[in-house]
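S.K.: Can you read through this structure? Questions will come right after.
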Amino acid sequence: MSRLWKEFSKGLWKDLPPFKLVLGLCPVLAVTSTAENGFGMGMAVIFVLTLSNLLVSLVRKIIPAKVRIACFIVIAASLVVAVELLMQAYAFPLYQQLGIFVPLIVVNCIILGRAEAFASKNPPLLAIADGLGMGMGFTMSLTFLGGLREVLGHGQLFGHTVVWDGFEPLSFMAAAPGAFVTLGILLALMNFFTNLQRKRKGLAPVDGPTHDCGSCGVCGGR
Amino acid sequence: MITTSGLTLFGLGLGAAAILAVASKLLYVKEDPRIAQVEDLLPGVNCGGCGYPGCAGAATAIAAGKANPSVCVVADLEAMAAIAELMGQTIEEREPEIAFRDCTGGERAEERFAYSGIMDCQAAAMLHGGAKSCPEGCLGFGTCVAVCPFDAIHMGPEKLPVVDPNECRACGKCVEACPRGVISIVGITSRLLHLNEVTDCLAPCRQQCPGQIDIPRYIEQIKAGDYEGAVNTIRERNPLLMVCGRVCPRPCESVCRRGHVDSPVGINMLKRFVADRELHSGNRLPIPCAKETGHKVAVIGGGPAGLSCAYFLRRLGHNPTIFEAMPALGGQLRYGIPEYRLPKKDLDWEIQGILDLGVDIHLKRKFGRDYDLNTLKEDGFEAVFLGLGAWQASGMYAEGEDLEGVLGGIEFLTAHALGQTIDIGRKVIVVGGGNTAIDCARTCVRLGAEVTMLYRRTRAEMPANPEEIVGAEEEGVQFKFLAAPTRVIGDENGKATHLEFRMMKLGEPDDSGRRRPEPIEGSETLMETDFIIPAIGQKPDLSCLYDETVEKCPVETTRWQTIVADPDTLQTVVPGVFTAGDVFTGPDLVIAAVGDGRKAARSIHYYLQREGDIPIPPMVQRELIPYTLFKEVPGVQHSERANMPHMCHGDDRNCTFAEVEGALSEPEALTEANRCLHCGLTCYDRDMELPWKNEQELR
Amino acid sequence: MREMIKMIVVLSVICGISGVSLAALKSVTAPRIEEQILSYVQAPAIEQVLAAHDNNPIRDRKIFTVQDQQVTIFPALKGGSLVGLAFETSGQGYGGDIGVMVGFDPESGNLSGIGITTMKETPGVGSKVSKHGFTSQFHGMTAEQARLKSGGGEVNAVAGATISSTGTVAAVQKAVKIYNELRSKLTTAWQ
Amino acid sequence: MQEYFLLFIAAIFVNNIVLAQYLGNCPFIGTSKETSVALGMGGAVVFVAVMATAITWLVQEYLLSPLGLDFLQTLAFILVIASLVQFVEMFLKKMVPPLYKSLGIFLPLITTNCAVMGIALICQRKEFPLLKSVAFAAASGIGFMIALVVLAGIRERLEIRRVPRAMRGTPVGLVMAGLMSLAFFAFKGMI
């Protein structure tokens, strides 16, 4: 039980994507212009990640090593198609908003990265916990980032105006530059507080997590 | 639709898998499976310190055998061992490399303009080359500290970066970041091979020393109590520190900036202090050598040049063999310098230290008689070093100098060192004013003779070390200045009885800057004597190069009987044959022979490693760099230079060959080290003409 | 070889399974997706071209066959009687088809308006046809009037976007043709 | 001709794939630490994007559309791209070793590069014909390469600058990317 909780909770802070585990940046940047979009994308990722973790974990023993990645991709892609269909049926406006980024969930490093790094080595229950935790962490981050950019860029949160009169929204925050800069600064803050904590414990400061394509494990697994 | 969909995707999957399967068969490229395994073992830092593009590149190179398993600068021994095991190799210990800062200036350099830009060396360097007036030294903003990924550099109290050797992995980031080239990553090999360049931070003493010893550094180390470090620093340039600590005439002290204030720092006393400390400590400091290269080099002549060359060749990983004609190694050190200045047992100790590195010796083997270049080649020697020395005493050009009772200075000393008894009688005349002459004189004093020295100029012009002259005076040697021998008069047995000399006066200065002595006609005088030692000069004895008919060694020679060689590479006209020392320069200092021995070893190293291509750095320092030699040094407190202690007095001194001068005590040495102004290049120059001076006025 | 066959089989089987299950999911969700697309993509255009009504034109849509083509027609009902009709046709534009939602007034047979549904024209130029100024011209026109002025009608083409304007008008004319063929069936279809 | 010129300008500057469309950000941040690496990665992306777009276009046109399986687009595309990348890698390794040496190590990274998949999908959504799709893919790939190399140049210089510890590495890289993106805003409205 404690193991299950450990695998679940690590995604919520210790390995929080995309801040601690700098993976899957495209949707993080692209769909976080509002909190709602971020939340929606997060939910889609939870769905795909949890199920793909489960499925990968189930079939992990029968898949030959050489086509491992190809199989993971097919599984992830099938789930993404399912999400596409379900979204079209039940959340059409969101589907329109997220646009091309829904099919692109399949190439989100988080999905393949977790499949390769975790699900392919662990039993189904743990894989679900991991997927759910990571997915929720991802959703949290995306919603937070989206909320921040929505407030700064539009003066709204979840579509409701939340700022005082006379607040001039910084429209670039809602556009691409704002996405990059906000994420960069949040990452820096994260590093700052981590080092502050370490300092209090008397440890030497460390550099923050670097974004490294290798860390998704897809090509590193070769 | 369900069926179509299922079938389509099934088909797609089948197609893709089939194509890939076929392709992987058809397009199969055999790849070393060890690459992946090695890569797994590497730390994956991708720092590039190994010189390969990332860990994957390094893994490929290791698997291909192009790199050593220990190439990674970050991996610990365990990982290296695992990689080596995988590759079926043993790890060759990597030469330790760390970042090395070569500037002693720090914040002391003058500011040329007020700089208030970004506190970053590169930014500062972009603005008129930086605010510091020193054009080579550290700017002190610590960009190297900021870029070091291992936290191995911090700013010291003098605003100079200090490298922590335990943390440094020699990744090279700091070198890249430094706009002044103050930091370099050097392993022992490249340090040994480095020649002074004008862009180095060279204090005057370091420019002047023929051995290019990093004097400011070892003085700094002595100051910090790191005596072993100081010994190691000296040994990077001079394996004969104990010898030089005793006999060096100290060209470095002649340019010491402290000399403009009071008197120069006793650099050589400090060298002797640390050298004697090691000598008397009972154990030798380990001397690291590069890994074996398997190249065999013949070093002909076991004098200072040959010893130095063999020592550096050995440290560079080659296998030198010394061929010596005399019964023991040391050359002029053993046979030209008397015991009271350089005790033989101490010399033996120092030479043994060099031999212990793995240098082979063949004694009593004379070049031209027992072997020549061809036989050396047949024996597998790939390069030859000729360090034959200068063993022939020059004559006085005076009538009757071949009479009995006349013996050249160096011949006299050699005979004495070999233990032969020479009948010198009671009254001895030594002709000449160099160290050899004084050595002869003082040796004769110890043999119980009354000695007069004849020198054709005045005391001020004597080339001998001043304290040697004082020593000779103290021991009772009489001086006859402005006197030149003209004739030796012998008795009926052909034995010299008198020396006729003529008085001289000083005329116009000659090329050497000394005033030329001119004879005073009619001033001939006779002086009674039993033994005459002309110690006027020496020249190489090149007879061994020639046989009656055949040339044994086709090197070119000059009319001064020296061997011709490229002054930069020291390679003679015969490829693979190098020379240095007195046989190349004519009689010169021990430290010059040692320095050229290193230079020759460097050339031989490149000759062996690069198939004859010996690189010459473009900025190599050939003469003193004028703008670093200013004379004004304001704001320095006067302090007395230490005196060399004497270890024996009175009869002990005059009648035995016991060593006369001693070493400084530790407190004295520390005081002396503290007198050093640790010159950077221009750190003290407050009035230097700078090219940008006008530019500033314009603004 | 065995391993290779296993590879191929595993990959294709996984593909096949996912194909089957996705198709199944698709067939389950298809009607709902269609409705969603209609209500989010076409609904605004429909509302724009139809007269005031009290029904849901999308829910009441019916499919007719004209010249072997299926046309989905959206009715506007008021108090149970048909007050308007709308359906989508397309014409050739500059960068692909232009979808046009065309509304008719069943009483007169005149146009009650048009709206652009899908538009892939050069931004800024051709896309001006989707602006209100161009589309609002069509309100109340007869079939003959709904031609470009150069073609003898009363429609002003958008300056610099002749192809897009022509395409739009062509789509309208196509709709008119379909409407005329179906006219008899239409009036009774929602009674 | 003019159409293609505009397409290129639009894809490289106005709608730069990374800086305006948020595609391919992982490698954009991940491989922009050194210019040489950035060049290699950029080249590999151009290469693969063109091939992938051409092949997926054919798959869509002659397999998915006729069978009415458009909803399987995502799945089919990623399958095609993944196999393609692997195939190209094997092919280059055997047939063109010099090219493999310069691009090879980046190919595995491209499987999960959303820029490649994104370009293929955009071409489908915009319903470009084959030739135009390929041109668009090349242009977008070049846009990616330019952005990548420029950022790498900036980051190479940043590497040896004083950056607050917390900002070092990815954060400052992202901020720089943001500033570049802001600069690329200037191209908006150019076409």
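Read-outs: derived from the displayed coordinates by stated rules, not from any lab. If you're wondering where the values come from, they're calculated on a predicted model, not measured in any experiment. Positions of Cβ are backbone-derived with ideal geometry, glycine not excepted, and every protein chain shown enters the neighbour counts.
S.K.: Hey, rough spin-label estimate for B:Tyr28 and C:Ile63, points 7 angstrom out along Cα→Cβ, what's it come to in nanometres?
M.R.: Taking the two extended label points, one gets 5.4 nm.
S.K.: Tell me which residues come under 5 Å, amide H to amide H, from C:Ile116 once H is placed; ignore anything under 5 positions away on its chain.
M.R.: C:Met101
S.K.: If you don't mind, there's one more thing I want to ask. Shielding of D:126-138 by partners, i.e. mean partner chain Cβ atoms within 10 Å per residue?
M.R.: The per-residue average across the peptide is 1.
S.K.: Which residue, D:Leu75, B:Asn238, B:Met396, has the largest displacement toward the positive end of the dipole of the protein assembly as shown when charges sit on each Cβ (Lys, Arg +1; Asp, Glu -1)?
M.R.: D:Leu75
S.K.: Compute the angle between helix C:162-189 and the longest alpha-carbon principal axis of chain C, please, reported from 0 to 90 degrees and rounded to the nearest 10.
M.R.: Helix C:162-189 and the main axis of chain C meet at about 90 degrees.
S.K.: Given Cβ point charges of +1 (Lys, Arg) and -1 (Asp, Glu) and nothing else, what value in debye, to the nearest 20, does the dipole of the range B:325-465 about its Cα centre take?
M.R.: Taking the Cα centre of the range B:325-465 as origin, the dipole is about 540 debye.
S.K.: On to the next question. For the range B:575-610 and the range D:137-180, what is the separation of their Cα centres, given in Å?
M.R.: Spelled out, the Cα-based centre of one part sits 52 Å from the other.
S.K.: Using 7 Å Cα-to-Cβ label points, what is the B:Met647/C:Glu107 separation (nm, one decimal)?
M.R.: Reported label-point gap for B:Met647 and C:Glu107 is 13.2 nm.
S.K.: Quick one: angle between helix B:344-355 and the longest Cα principal axis of chain B, in degrees between 0 and 90, rounded to 10, please.
M.R.: 30 degrees
S.K.: What's the whole-number percent of alpha carbon pairs in chain D lying beyond 24 angstrom?
M.R.: Value for chain D: 42 percent of Cα pairs lie more than 24 Å apart.
S.K.: While we're here: Evaluate the Debye formula for the protein assembly as shown with equal point scatterers sitting on the alpha carbons, no solvent, and hand back log10 of I(q)/I(0) at q = 0.05, 0.09 Å⁻¹, in q order, two decimals.
M.R.: Listed by q, the Debye log ratios stand at -0.57, -1.16.
S.K.: Now a separate question. How high is the FRET efficiency between B:Glu521 and B:Leu670 when r is their beta carbon distance and R₀ equals 51 Å, given to the nearest 0.05?
M.R.: In this case the efficiency is close to 0.35.
S.K.: May I pose another question? Give me the one-decimal nm value for the distance between modelled label points at A:Ala91 and B:His128, 7 Å along each residue's Cα-to-Cβ direction.
M.R.: Going from the A:Ala91 label point to the B:His128 one covers 6.3 nm.
S.K.: May I pose another question? Over the range A:149-189, consider all pairs of different Cα atoms and compute the Kirkwood hydrodynamic radius from their mean reciprocal separation; express it in Å, one decimal.
M.R.: 10.5 Å
S.K.: Moving to a separate point now. Which one of B:Pro466, B:Val384, B:Met503 is farthest out on the positive end of the charge dipole of the range B:363-510, using unit charges on Cβ (Lys, Arg +1; Asp, Glu -1) and the Cα centre as origin?
M.R.: B:Met503
S.K.: May I ask for the equivalent-ellipsoid semi-axes of chain B, computed as the square root of five times each C-alpha gyration tensor eigenvalue and listed largest first in whole Å?
M.R.: Semi-axes (√(5λ), whole Å): 57, 33, 22.
S.K.: Return the FRET efficiency for the residue pair B:Glu111, D:Glu156: r is the Cβ-Cβ distance, R0 is 45 Å, and the value is rounded to the nearest 0.05.
M.R.: Given R0 = 45 Å and the Cβ-Cβ separation, E is 0.90.
S.K.: Right, something else. Quick check for you: which residues of the range A:20-57 have the amide N under 19 Å from the point 7 Å beyond the Cα of A:Trp13 toward its beta carbon?
M.R.: A:20-22
S.K.: Need one number for the range B:392-539: average projected area of the convex hull over its C-alpha atoms, nm².
M.R.: Average projection, Cα convex hull of the range B:392-539: 8.7 nm².
S.K.: Using a/c under 1.5 as the rounded threshold, could you call the range B:408-493 rounded, prolate or oblate? The axes a ≥ b ≥ c are square roots of the C-alpha gyration tensor eigenvalues, and prolate needs a/b larger than b/c, oblate otherwise.
M.R.: Judged from the Cα gyration tensor, the range B:408-493 comes out oblate (a/c at least 1.5, b/c at or above a/b).
S.K.: Then there is this: Among the lysines, select those whose C-alpha is under 22 Å from the C-alpha of B:Lys345, and discard any that sit fewer than 8 residues away in the same chain.
M.R.: Counting by Cα, and skipping residues close in sequence, B:Lys345 has these lysines nearby: B:Lys271, B:Lys364.
S.K.: Under a Cβ-only charge scheme (Lys and Arg +1, Asp and Glu -1), can you give me the dipole magnitude of the range A:2-207 about the Cα centre, in debye to the nearest 20?
M.R.: For the range A:2-207, the charge dipole is close to 1160 debye.
S.K.: What Rg and what Dmax come out for the range B:288-437 when only alpha-carbon atoms are used, in angstroms?
M.R.: 18.0, 58
S.K.: Then there's this: Calculate, axis by axis, the spread of Cα positions in the range B:103-151 along the three principal axes, and write the results as whole Å, longest axis first.
M.R.: 33, 24, 14
S.K.: Could you tell me which of B:Ala328, B:Ala16, B:Ala79 has its Cα farthest along the dipole of chain B towards the positive end, charges placed at Cβ (Lys, Arg +1; Asp, Glu -1), taken about the Cα centre?
M.R.: So the residue we want is B:Ala16.
S.K.: Another question, then. Taking the convex hull of the Cα atoms, report for the range B:98-193 its projected area averaged over all directions, in nm².
M.R.: 6.1 nm²
S.K.: Using only Cα atoms and rounding to the nearest 10 degrees, what angle (0 to 90) does helix D:114-125 make with the longest principal axis of chain D?
M.R.: Once rounded, the angle reads 40 degrees.
S.K.: Note the per residue figure in Å³ for the convex hull of the C-alpha positions in chain C.
M.R.: 163 Å³
S.K.: Moving to a separate point now. Which value, in debye to the nearest 20, gives the size of the charge dipole of the protein assembly as shown about its Cα centre, when Lys and Arg are +1 and Asp and Glu are -1 at the Cβ?
M.R.: 5940 debye
S.K.: Over chain D, with a Gaussian network built from C-alpha contacts below 10 Å, which listed residue (D:Gly43, D:Gly178, D:Gly143) shows the highest mean-square fluctuation?
M.R.: So, out of D:Gly43, D:Gly178, D:Gly143, the one fluctuating most is D:Gly178.
S.K.: Where a ≥ b ≥ c are the square roots of the eigenvalues of the C-alpha gyration tensor, would you call the range A:2-207 rounded, which needs a/c under 1.5, or, failing that, prolate if a/b is larger than b/c, or oblate?
M.R.: The shape class here is oblate.
S.K.: Shifting gears a bit: At a 10 angstrom cut-off on C-beta neighbours, averaged per residue, how do the peptides B:183-196, D:73-86 rank from highest to lowest?
M.R.: The densest-packed peptide leads the list: D:73-86, B:183-196.
S.K.: Name the lysines eligible as straight-distance cross-link partners of A:Lys199: C-alpha to C-alpha under 28 Å, and not fewer than 8 places from it in the same chain.
M.R.: A:Lys6, A:Lys10, A:Lys14, A:Lys20, B:Lys159, B:Lys173
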